[in-house]
């Protein structure tokens, strides 16, 4: 049972445009969500997080939106840059419990 | 700067061999984790340890075991490697206790294991 789903395996965006990566979850008990970015041959690195009590969190070019009623979150990158090309993992978790990761979305930003 | 170090970046082993993957963190974190990453499946938790000599099974523990004799070191062991264990293995660590709204897990660079 996949508790966290990233239904788009890949996304291609032109440099300067907005990238929107989507994530759906089934566990209504999740207290927080995180996005990680992973370059080839490197470990994932933390990008941005959001608590379940919020609906938006922003950090520079990255904004995460949470829609609890739809059990959906999205990561917006504006403007997209070639260096943003990576695999993006969405993850959800309950306090005191382990994170559950999605399958990842490959983002390609074309210059 | 925080660091999680995985001893081997690339390994090639034969079916039936015993494989050790080592992970060391220098952040004095209580919790350590082993994940494997496969295309289309994302990161799946194999085992985790919340303290020295403590371990718990994750979502896919079959065929694996772990060892945590010291706080900074967490080892993943494949007793008898099989071809379906060909994967990228990622070690991670974090502080214990309540999660705060920051990057919870610190990952190593990964160990790419190929079993022939």
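Between residue B:52 and residue A:27, what is the label-to-label distance in nm when each label sits 7 Å out along the Cα-to-Cβ direction?
Result for the modelled spin labels: 3.0 nm.
Treat each spin label as a single point 7 Å out from the Cα along the C-beta direction, and report the residue B:12 to residue A:68 distance in nm.
5.3
For the pair residue A:106 and residue B:59, what calculated FRET efficiency results from E = 1/(1 + (r/R0)^6), where r is the Cβ-Cβ distance and R0 = 25 Å, to the nearest 0.05?
0.65
Over the protein assembly as shown, one equal point on each Cα, no solvent: what is log10 I(q)/I(0) by the Debye formula at q = 0.08 Å⁻¹?
-0.29
Rounded, prolate or oblate: which fits segment A:40-111 when a ≥ b ≥ c are the square roots of the eigenvalues of the alpha-carbon gyration tensor, with rounded for a/c under 1.5 and prolate only if a/b beats b/c?
oblate
Sort the following peptides by mean Cβ neighbour count (other Cβ atoms within 10 Å, averaged over residues), highest first: A:62-72, B:45-55, A:32-42.
A:32-42, B:45-55, A:62-72
When the C-alpha atoms of chain B are aligned to their principal axes, what extent does each axis show, in angstrom, from largest down?
Projected onto its principal axes, the Cα set of chain B covers 41, 31, 26 Å.
How high is the relative contact order of chain A, in percent, with contacts defined as C-alpha pairs under 8 Å that are six or more residues apart?
Averaging sequence separation for qualifying contacts and normalising by length gives 37 percent for chain A.
Quick check: the distance between the Cα centres of segment B:33-81 and segment A:52-91, to the nearest angstrom?
Rounded to whole Å, the Cα centres lie 29 Å apart.
In chain B, what % of DSSP beta bridges are antiparallel (nearest 5)?
Beta bridges within chain B, antiparallel portion: roughly 90 percent.
Let me confirm one metric for peptide A:45-56, namely the mean number of other chain beta-carbon atoms within 10 Å of its residues' beta-carbons.
Average neighbour count from other chains, rounded to a whole number: 2.
Along the principal axes of its C-alpha atoms, what lengths does segment A:50-89 span, in descending order and rounded to whole Å?
If we take the Cα atoms of segment A:50-89, the spans are 33, 19, 13 Å.
Partner chain Cβ atoms within 10 Å, averaged over the residues of B:89-96 - can you pull that number for me?
Mean shielding by partner chains, rounded to a whole number: 1.
Please average, across the residues of A:25-36, the number of beta carbons from any other chain that are within 10 Å of each residue's own beta carbon, and give a whole number.
2
The numbers here are math on the coordinates, done by the rules we state, and not lab data. Note that the structure is predicted; figures quoted are calculated from it, not measured. Don't worry about glycine lacking a Cβ; one is built from the backbone with ideal geometry, like all the others, and counts go over all protein chains shown.
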